[in-house]
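Inspection log for the structure reproduced underneath, given as structure tokens.
The values are calculated or read from the model by the stated rules, or taken from the named source; none is laboratory data. None of these values were measured; they are calculated from a predicted model. We place every Cβ from the backbone using ideal geometry, glycine too, and count neighbours over all the protein chains shown.
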Amino acid sequence: MTTGPPSFVRPAERLFRFWHVSLLIGLFLCPAQPSYAELSAVDNHASTRPFATGERLTYAITFLGMRAGTAVMEVQDAAPFEGHPALKFLTTAKSSSTVTKFYPVDNRVESIVDADSLLPFHLMFIRREGKKKNDFDVTFHRAEGTVLSIKDGVSETLPIPPDTHDLLSCLYFIRSLPSIQLGSSVMLTLHHDKKNYRVEVRAEGVEKVQGLRGEVEAIRLLVIMPFQGLFLNEGNIRVWLTNDAHRVPLLMKAKIIIGSVVARLIR
């Protein structure tokens, strides 16, 4: 008689698999999506942004009160890319020692972006989940309206709409927008795994959330995911971010068939 992994493994697997898609594209929201020209005054001055190089945010990922893993998001300096000033956004996600016994996860995503517009130049996604291993390498050619996508050594040139973001650039672009208006909604275009997705984000309300130094005022966002089958067919995700100039993501919750998966800022 064989014994399979405990019941928490499948929900934990789904959390890690879509951490970079679900959390990162839905953390922040603006009242209406302006053009990049209209945002140039903001984007050309790093001092006006709520983040800077050296920022490091650490999240505990839990399911049914059990620590399932840790995720870290960082902003780093980068060498110029094809003559353009650049930044590097880095996110890692690792399973806890308990989950690792049944489903080890060690994911890494690096995005090199234009330091002014925050649009992506190049993305690398190294995914290690259980027995599955995938390497994604995506180069954005915005002037041609294409991406060169290489997955596990197989390359393909694909079309993208204007102002398309990757898994990480969309997060920091939205963080840099000047304001958030309750009741508003915005659509974002995201390229992931050789597909273009339109994701809707709504600002639902303001409420108190436990932060690192006590309760703080936070904006609750609803992220409406176009992906089918996420989190056991529960696609919508809620995210809370500080209602201040820093727009720090504090909490993410995604309902599943049994309970919910939670990512909470711990450091």
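Considered as a group, the residues in segment 61-75 that are surrounded by fewer than 17 Cβ atoms within 10 Å (Cβ to Cβ) and over 25 Å from P120 (Cβ atoms) include one that is modelled with the lowest pLDDT, and that residue is L64.
Considering segment 63-105 alone, what residues qualify as being in contact with a strand residue (DSSP E or B) (Cβ under 6 Å, 6 or more places away or on another chain) and of a type in the set (S, T, N, Q)? Within segment 63-105, T70, Q76, T91, T92, S95, S96 qualify. Whether a residue is surrounded by 19 or more Cβ atoms within 10 Å (Cβ to Cβ), more than 22 Å from V261 (Cβ to Cβ) and in contact with a helix residue (DSSP H, G or I) (Cβ under 6 Å, 6 or more places away or on another chain) was assessed, and V109 does not pass this test. In this entry, P11 passes the filter for residues that are at pLDDT below 90 and touching a strand residue (DSSP E or B) at 6+ places or on another chain (Cβ under 7 Å). You will find that of A78, A52, the residue that is touching a Leu at 6+ places or on another chain (Cβ under 6 Å), modelled with pLDDT of 50 or more and of a type outside the set (D, E, K, R) is A78 and no other. Which of the residues that make up segment 161-183 are surrounded by fewer than 19 Cβ atoms within 10 Å (Cβ to Cβ), within 25 Å of F51 (Cβ to Cβ) and at pLDDT 80 or above? Result: P162, D163, L182. If you filter segment 131-159 down to residues that are within 13 Å of H191 (Cβ to Cβ) and without any contact (Cβ under 8 Å) to a residue 12 or more places away in the chain, you find that the one that is farthest from the chain's Cα centre (by Cα) is T157.
Among residues that are among the hydrophobic types (A, V, I, L, M, F, W, C) and at pLDDT 85 or above, V186 is not included. Can you name the residue in segment 187-220 that is under 20 Å from H246 (Cα atoms) and among the hydrophobic types (A, V, I, L, M, F, W, C) and is also surrounded by the fewest Cβ atoms within 10 Å (Cβ to Cβ) among such residues? Per the stated criteria, the residue is L212. Just one of the listed residues (V154, V138) is surrounded by 14 or more Cβ atoms within 10 Å (Cβ to Cβ) and either of a type outside the set (S, T, N, Q) or modelled with pLDDT of 90 or more (or both), namely V138.
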